[in-house]
């Protein structure tokens with residue numbers, strides 16, 4: 001035991017990181033918004049955009065697709081998504097962000113983490129496609145017992161919008177829970193009706209990227 005303590009003491013004297021002290025918060029240097037957007041576009045093009053006939057969730061046929069999961073679950077991609085999303089939401093005076101499972105979950109989680117690091121914590125929630133059939137049978141998840149969205153201002157986030165119906169479902173669930181939906185934010189808009197859908201619903205809509213930016217690249 002004495003020998004082990006001596007070894008510990010020797011290592012501690014050589015490496016300050018070994019000492020059992022409280023962690024010191026580290027500053028994070030993020031790229032400027034222009035560079036972040038350019039780099040995220042590269043990642044999406046490489047990891048999440050492809051050509052080939054597919055059937056979309058809406059039932060429509062398409063000769064190109066976006067699968068944002070490989071980007072959202074990539075460390076750099078997640079960080080850049082969070083940065084650009086926070087930038088887009090900076091003036092919204094929000095109490096929370098959320099969206100429909102599963103596409104919104106990685107986005108809102110990454111945004112929540114970066115918001116904490118940045119000193120402006122923004123809680124997140126997600127809306128189930130249908131309520132659980134057991135347990136608390138919740139439609140809106142992420143809230144503690146006794147907590148609700150009532151009276152809160154929220155933004156709805158989405159990975160890819162086509163007609164906008166998925167994000168609209170999340171927005172309506174938030175509204176039915178008493179929240180005010182300030183904005184619907186998507187990473188990529190396929191430009192196939194989402195703008196019109198949200199306009200009819202009286203919701204503001206913003207996309208970080210459009211499909212044309214990748215189709216014409």
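The values are calculated or read from the model by the stated rules, or taken from the named source; none is laboratory data. This is a predicted model, so every value here is computed, not measured. In this analysis, Cβ positions are derived from the backbone assuming ideal geometry, glycine residues included, and neighbour counts consider all displayed protein chains.
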Next item on the list: Please find, within region 44-67, the residue that is modelled with the lowest pLDDT out of those that are surrounded by 14 or more Cβ atoms within 10 Å (Cβ to Cβ) and under 17 Å from residue 193 (Cβ atoms).
Entry: 58
Check: How many of the residues in region 50-73 are farther than 19 Å from residue 163 by Cβ and touching a helix residue (DSSP H, G or I) at 6+ places or on another chain (Cβ under 8 Å)?
Finding: 5
Next item on the list: Please enumerate the residues belonging to region 190-217 that are out of contact with any helix residue (DSSP H, G or I) (no Cβ under 7 Å at 6 or more places or on another chain), in contact (Cβ under 8 Å) with a residue 24 or more places away in the chain and under 12 Å from residue 66 (Cα atoms).
Entry: 190, 211, 215
Next item on the list: Evaluate the following for residue 209: is it touching a strand residue (DSSP E or B) at 6+ places or on another chain (Cβ under 9 Å), in a helix (DSSP H, G or I) and modelled with pLDDT of 95 or more?
Entry: no
Item checked: region 68-94, subset free of Cβ contacts under 8 Å to residues at least 60 places away in the same chain and under 27 Å from residue 139 (Cβ atoms), residue surrounded by the fewest Cβ atoms within 10 Å (Cβ to Cβ) -> 73
Notebook entry, point to check: Taking residue 176 and the conditions (1) out of contact with any strand residue (DSSP E or B) (no Cβ under 8 Å at 6 or more places or on another chain); (2) closer than 25 Å to residue 39 by Cβ, which numbered condition does it fall short on, given that it satisfies the others?
Noted result: (2)
Check: So which residues in region 142-167 are surrounded by 17 or more Cβ atoms within 10 Å (Cβ to Cβ), part of a helix (DSSP H, G or I) and in contact with a helix residue (DSSP H, G or I) (Cβ under 8 Å, 6 or more places away or on another chain), if there are any at all?
Finding: 167
Checklist line | Subset of region 19-43 (residues that are in a loop (DSSP other than H, G, I, E, B) and at pLDDT 90 or above) | finding: 32
